[in-house]
Amino acid sequence: MTNVYWACAFVLACILFYRFALPALRRFNDANIRRIVQQEQDKTDPNAHVRHTLEMAEEQVEPVQEISAGGVPQYLFETEIFATRAEAEDRRAERVGALARRFYNELPAALSGRGARAPLSARERAARRWKRTIH
């Protein structure tokens, strides 16, 4: 009788896997395929760097939130309240643009110091001391 219960449990587990896990795996696979195709297209796109910079800046900026004050919808972005969503989205776009511009303003300094080695961390200094004492 226990074998029947184990067989039923196995069949139930397979049904649940088929019902819930396979669609999630399929979505994950589709997202990976889209990412790989996008990376291949980016290799020939001269504006890909700008697009990636804007995407990164957009991830760092909070979304516009809709709030209700007295039954009237208002829109909140970075502690500022707007009457329309368009105004709030415009302010958000300005913020994203400012972050992207700041990245490009800091880029030459970051690239010029690329060859120079940053100061060693405490872990790296300890590792070097350890190697000197052993060898």
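A compact table of results
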read-out	value
Average Cα contact separation per residue, segment 46-115, under 8 Å, 6 or more apart, as relative contact order %	26 percent
HN-Hα J in Hz across segment 86-100 - Karplus 6.51, -1.76, 1.60, θ = phi - 60°, x for Gly and Pro	4, 4, 5, 5, 5, 5, 5, 5, 4, 5, 4, x, 5, 5, 5
Phi to ³J(HN,Hα) by Karplus 6.51 cos²θ - 1.76 cosθ + 1.60 over segment 24-35, Hz, x for Gly, Pro	5, 5, 5, 5, 4, 5, 4, 5, 5, 5, 4, 5
Taking N as its residue count, the alpha carbon Rg of segment 1-44 over 2.2 N^0.38 Å	2.00
Label point distance in nm, Glu62-Thr2, each placed 7 Å from Cα along Cα→Cβ	5.7 nm
For Phe82, distant residues with modelled amide H under 5 Å away	Tyr75, Leu76, Phe77
Three-way shape call for segment 46-115 based on the alpha-carbon gyration tensor, with the a/c threshold at 1.5	prolate
Estimated 222 nm signal from helices in the chain, with DSSP H stretches of n ≥ 4 weighted -39500 (n - 2.57), rounded to 500	-22500 deg cm²/dmol
Inter-part distance where segment 1-44 and segment 51-101 are each reduced to a Cα centre, Å	36 Å
Cβ-defined net charge surrounding Thr84, 14 Å radius [Lys, Arg +1; Asp, Glu -1]	-2
Residue with peak Gaussian network fluctuation, the chain [Cα springs, cutoff 10 Å], from Ala21, Ala31, Ala110	Ala21
Cα→Cβ-extended label distance, 7 Å offset, between Lys43 and Leu120, nm	4.0 nm
Over the chain, relative contact order from alpha-carbon pairs under 8 Å, at least 6 apart, %	14 percent
In sequence order, calculated HN-Hα J values of segment 49-62 (Karplus, 6.51, -1.76, 1.60; Hz; x Gly/Pro)	5, 5, 4, 5, 5, 5, 5, 5, 5, 5, 5, 7, 9, 5
Kirkwood hydrodynamic radius of the chain, Cα pairs, Å	21.6 Å
Segment Leu16-Ala127, length gained on full extension (0.36 nm per residue, minus Cα span)	35.0 nm
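Since every read-out is calculated from the coordinates, none of them should be taken as a lab result. Here the structure is a predicted model, which means the values were calculated and not measured. All Cβ positions, even for glycine, are placed from backbone atoms using ideal geometry, and neighbour counts span all protein chains on display.
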